[in-house]
Structure formats: structure tokens, C-alpha cells
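All remarks here apply to the structure that follows.
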Amino acid sequence: MQTRRFGALAVLTAAGVALGVAEIVAILTGASTSPLVSVGGVVIDNVPAGVKEFAVQVFYTYDKLALSVGTVVLLAVFAAIIGVLAAKRPYIGYIGIGVFALVGIVAALSRHNAPWYAFVPTLVGAAAGAGVLRWLSTHEAGDNADPEQRRWFLRAAGYTLLGAAVAGFASRWWSTRRSVEADRATITLPSVPPNTVAPLPPEADANLPDLAPFVTPNKDFYLIDTALVVPQLTSEDWQLRIHGRVEKEITISYQELLRRPMIERYITLACVSNEVGGGLIGNAKWQGVRVADLLAEARPKDGADQVVSRSIDGFTAGTPTAVLTDGRDAMLAIAMNGEPLPIEHGFPVRMVVPGLYGYVSATKWLVELELSSFADFDAYWIKRGWAAKGPIKTESRIDAPRDGGNPRAGEITIGGVAWAQHRGISKVEVQIDQGPWQEATLLPVPSIDTWRQWTLKWSATPGKHRLTVRATDNGGETQTNAVAPPDPDGATGWHSIEVDVK
Ligand SMILES: Nc1nc2c(c(=O)[nH]1)N[C@H]1C(S)=C(S)[C@@H](COP(=O)(O)O)O[C@H]1N2
Ligand SMILES: [Mo]
């Protein structure tokens, strides 16, 4: 005979295993056939409109997560109660599992377009749960049981529950990932009027083997974020709320965003954590809606000098309102290099602001723009000691030849990139060993918002040589030689490499 405590734990574990196993099976049968998703769907579809609005008010875009968590908590409470009752009459535990299985199966089969096998995840889950309950009750763990047995019981139940929870969450994440990928695949990007496309000069790219291509392919684009798992948000679930210190609050759906005037621009994104000579920088063609247009509709109030962009995962970036409205091409991007944003680069919508480091501007999985002030709010990295304002510093990098490489003696093309987004690059100079600074050839660019490739011919003689680069922006400011680390507002110094010419 089990005590009530052990009975509760046994049925709780069985219920956990049932849900976990159901989620695993739902990877094969489709997310909509999971009992959690289908019961949740029935609830959403039948809840009175007032309650739904209330939930969205309270939980915002997290309303569905709140529903899942609520369902799991409620189930756990019921399982524990049944377990208490089952302590004296074990068959009650099995009846409880049966009743819940029935609810799950009816819900799954009643969903719109449910496949005939929609009952399978719940059925398999319930069978596994019943099995676990049977297994746990083979061991006497009541008041009269010996300590050895009780320890076995606690350990067995604890590990099983933990395993079921981990497997359940992982499976849930995996099937959501697949459904977001499916959603992304259905998106047709609106066309952009030809006059709003910044044309790419064909000579922008020197096509040198070791030189970073002018346009960074999505698969090679650097990735920086604080997300433990990449947030999974469908375009259907996405909405943006513009609120805070505004005259008029705005909520906009993905379809509404797509109907707005679009621009397409080449913009080079850079991370403040990029070391001199580092690779945390990339250039892409972005398509999106001007932030300034949306802000104009929301009408920021006096003193709202900071726009806080918030991600679905809670990350925030704070951008000066003045920068977003000074005429530059700050946008809510929906596409990167001609395809919907890759999930890890912020699908369905992210912000891109020419001239600012990503940590103060480039929020991925964007769901909120809150008009605030710098005095009132510190964004994610500002709380952690990084500078509140993050304009990108003038920098340059040598890509070819490679640092530590062994190029052949003779005529060599040295090449690299230089950037000073939204100011533009006017000059790049290279120094070989202790020689004079030589002006490199600058390749054309579509705008001042991208990096710029540069090349310089060099008659390389055998032996060790040091190559150093420095850039000058259109404001006449030459990249400083003063070495600074990335923290708190971006690294500085000249990029210098050593080669051993053979
Ligand atoms: N949601 C979210 N957005 C984010 C971040 C983040 O941690 N979370 N990191 C920012 C930083 S620091 C940078 S440099 C850019 C990087 O964008 P990418 O990963 O697409 O290259 O995203 C920005 N947007
Ligand atoms: Mo960054």
C-alpha cells in the first residue's frame, strides 16, 4: 500500500511520461496532433473573446506559452489529486489516465483537418504512462516500507519525470521549429518598386579568393544573440506593438506590414564585440519597411528620445529616436539577400539600422517598439556595462593575403574591407613593413551604409613582411591607432598581419 504522497508522485510521473512520450510521437504525426496542442487549440477556439483579449493584454505574444504552461500546471494538480485517491485504490490511477487520454484523443480528432491518426500520440503516451504507473507500484513505498525501497521509488520517479520533461520540451521545440520552417517556406515576398532598390555596382566585388565577398551569403553571415534556443515565431503569430510615449499606439500584423511601402538596401551589420581584424561583420541586401514611417504614425511624444526594440525572447536594444528619423534607411527587415529572414537571423521581422552596432539597433524576432527615454530605461547590454550609444567606428581589415600565410614572391594583390557605416569610406592606406603609407584602390559601393572593398598591388619579395591597414571616412576622420578592447563601445586600432613570402 502506498502513502498519499507516494501515490501522488507516482501518478504525476505517469502523467509526465504520457505527455512527454506524446510530444515525441507528435514529431512524426505533426505538432497539431500533440494532446497539449490540440487541447490548447480547443480552449483557444472556445474561450469567449473577452477572455482571449484579456490573455493577450496580460501575456501579449506569450499568450500561447502561458496557455501551455497553465495546462501543464493544471494537469499536474489533477494528476496529484488522482494519485492521492489512488493510494488506497490503485485502479483509480489507471481510470484517471484513461479519462485524460479520452479528452486528448477527442480534442486531437476534432481539430480542423485532423489526420485519421491524430489519436496516436495521446494513445501511445497514455500507454507509456500506464506502464510507468504499473512499474512504480511494483515497489512498496508506503509507511511500512524499508528505507531502501523508498529511496528507490523517489529516485525512479524523479529521474523518470525529469527525463520525460526534457524529452517533451525538446520534442516540442523540434516540432515547432519544423512548423516555423514550413510557415517561412509559404511566404511570398512583396516586390519592391525598382526606384527604391539601391543598385549594386558590378565592380563592387574584386572577387579575390581570400577577400570576403561584397555580399555575405546568409549561411556565412555571423550570428550573435543571447538566445539559448533560437526563438520560433510564425509570421501568423507575429505582431508588432508600438507603444510607450506615443500619441497613438499601433499594433500591426505581418500581412499588414507586407502591404506597406518597402525599400531594399545593402547595409553592413557589425557587432560591437568584433575585435580588430575579426569576422563579426557582414553585408546583406535587406528588404523592409522604414521605421520612420511607422514612428510618424505613432507620433512620439516630447522627450521620447529612445526607441526600445524588444524581442520575443525578452532581449532589448535602445536606439536614439533621432537616428531612426534622420532620413537614413533604418528598417524593419523581412528579407535578407532575397529570401525571408532566416530563423536564426530574426524571422519573421528584425530591425536593421545603418551606422549603429547590432546591440543598440538590430533586434531579431522583434515584437515591440517602445518609445522611452535614455534616462528611463537601460537596454539589455547597457545594464551589463556597455555604452548606451553605439555608433560604428571607422575600421578596416586585411583579408588577402591571409595572416601568417606564405604567398609566392612577385606581383600580389593585397585586399580587404573598410567600413564606417553611414559616413562612408573615402580612403584606405596600406603600410608595408616600415615603408610609406600607400593609397589603395577603392571599389565602388551602392551607398555609404556598406563596407567597401579595397585592393593594392604589391611586388612581394621573399622573406617576412608586416602589412598594416588604416581607413579614413568621408568626414575626414582617420581610423585611430589607439588600441581599445570591444568593451564598452567597440574595438579600435590598426589591423596588421605578417606574411612569409616564399
Ligand atoms: N533578439 C535578439 N536580437 C539581437 C541580439 C540578441 O541577442 N537577441 N543581438 C544583437 C547583436 S549584439 C548583434 S551584433 C546582431 C547580430 O545579428 P545577426 O546574428 O543576424 O548577425 O543582432 C542583434 N540582435
Ligand atoms: Mo553584437
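Give the carbon-plus-sulfur fraction of the accessible surface of the chain in %, rounded to a whole number; probe 1.4 Å, heavy atoms of protein chains only. List each step's numbers first, then the result.
Numbers: 13660 of 23180 Å².
Using a 1.4 Å probe with all protein chains present, the chain comes out at 59 percent carbon and sulfur.
Cross-link pairs exceeding 20 Å in C-alpha to C-alpha distance, out of Lys393/Lys427; Lys364/Lys393; Lys219/Lys383; Lys427/Lys457; Lys248/Lys301, comprise Lys364/Lys393; Lys219/Lys383.
Could you pull out every whole DSSP H run in the chain that spans at least 20 Å of Cα extent along its own axis and averages 1.0 or higher on the Kyte-Doolittle scale? Provide the component values of the computation, followed by the final result.
Numbers: long enough: 4-29 (37 Å, 1.59); 63-86 (34 Å, 2.13); 91-110 (29 Å, 2.07); 120-137 (26 Å, 1.19); 147-185 (57 Å, -0.42).
Correct list, ordered by number: 4-29, 63-86, 91-110, 120-137.
If I take all pairs of Cα atoms in the chain, what percentage of them are more than 44 Å from each other? Counting pairs separated by more than 44 Å, the tail of P(r) holds 34 percent.
Here's how it looks for Ala484: its modeled amide H is under 5 Å from those of Thr492, Gly493, which are all 5 or more places away or on a different chain. Sorting 308-319, 359-370 by average packing, meaning the other beta carbons within 10 Å per residue, from highest down gives 359-370, 308-319.
If the chain linking Ser179 and Leu223 were pulled fully straight, counting 0.36 nm for each residue of separation and taking away their Cα-Cα distance, it would gain 13.6 nm. The value of relative contact order for segment 4-114, using C-alpha pairs under 8 Å at least six residues apart, is 47 percent.
Please tell me the relative contact order of segment 61-171 in percent, rounded to the nearest whole number, where contacts are Cα pairs under 8 Å and at least six residues apart.
Details: 43 pairs, mean separation 15.4, N = 111.
Over segment 61-171, the number comes to 14 percent.
For the chain, the relative contact order works out to 13 percent when only alpha carbon pairs closer than 8 Å and six or more residues apart are counted.
Among Thr450, Ser426, Ile414, whose Cα projects farthest towards the positive end of the dipole of segment 395-501, with charges put on the beta-carbon of Lys, Arg (+1) and Asp, Glu (-1)? Value computed over the given set: Ile414.
Sort 225-231, 416-422, 326-332 for me by packing, meaning the mean count of neighbouring Cβ atoms within 10 Å per residue, highest on top.
Values: 225-231: 14.7, 416-422: 26.1, 326-332: 20.3.
Ranking the peptides 225-231, 416-422, 326-332 by packing returns 416-422, 326-332, 225-231.
What the Cβ-Cβ distance of Lys301 and Val99 gives, at R0 = 51 Å and to the nearest 0.05, is a FRET efficiency of 0.40. Take each peptide in 466-474, 335-343, 429-437, 281-289, count the other Cβ atoms within 10 Å of every residue, and average; sorted highest first, the result is 281-289, 466-474, 335-343, 429-437. Per residue, the chain exposes 46 Å² of accessible surface when a 1.4 Å probe is rolled over the protein heavy atoms with every protein chain present.
The values are calculated or read from the model by the stated rules, or taken from the named source; none is laboratory data. What you see is a predicted model; the values in this text were computed from it and never measured. In this analysis, Cβ positions are derived from the backbone assuming ideal geometry, glycine residues included, and neighbour counts consider all displayed protein chains. Quick note on the areas: whole protein, heavy atoms, side chains included, nothing else; ligands and nucleic acids left out. Shrake-Rupley method; radii C 1.70, N 1.55, O 1.52, S 1.80 Å.
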